[in-house]
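Participant: Before we start, here is the structure in question, set down as structure tokens.
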Amino acid sequence: MYAYIKGKITETGESTVTIEAGGIGYEAIVSACTAKKLSVGSDAFLYTYLTVREEGLSLFGFSSVAETSRFKRI
């Protein structure tokens, strides 16, 4: 499990961001609230939650521990 990722934002989308850390680009699904706080070229720190399902892996990114906790309760 990944606890967090720290790096530079290289791409942003409506509900995703790509953060480069250690030469690897991680695409994370983020909330609208988190997406508003991130821009291409900025340094970022995302708390993460990885889900494993039959259709694949999904990495979710959050700007705070509280947002991560709310997501885990759903």
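The values are calculated or read from the model by the stated rules, or taken from the named source; none is laboratory data. Since the structure is predicted, the reported quantities are computational estimates derived from the model, not experimental observations. Ligands, DNA and RNA are stripped out before the accessible areas are found, and what is left, the full protein with its side chains, is counted by its heavy atoms. Shrake-Rupley method; radii C 1.70, N 1.55, O 1.52, S 1.80 Å.
Participant: Residue 37 to residue 64: extension gain in nm, 0.36 nm per residue of separation minus the Cα-Cα distance? All intermediate terms of the calculation are to be shown ahead of the outcome.
Facilitator: Working: separation 27, 0.36 × 27 = 9.72 nm, distance 1.14 nm.
That pair, residue 37 and residue 64, stretches by 8.6 nm at full extension.
Participant: Given N residues in the chain, what is its alpha carbon radius of gyration divided by 2.2 N^0.38 Å? It would help to have the intermediate numbers written out before the result.
Facilitator: Numbers: Rg = 11.5 Å, N = 74, 2.2 N^0.38 = 11.3 Å.
Compactness ratio reported: 1.02.
Participant: Give me the percent of accessible area attributable to carbon and sulfur for the chain, probe 1.4 angstrom.
Facilitator: 52
Participant: Taking only protein heavy atoms into account and a 1.4 Å probe, give the accessible area per residue of the chain in Å².
Facilitator: Averaged over the residues of the chain, the accessible area is 67 Å².
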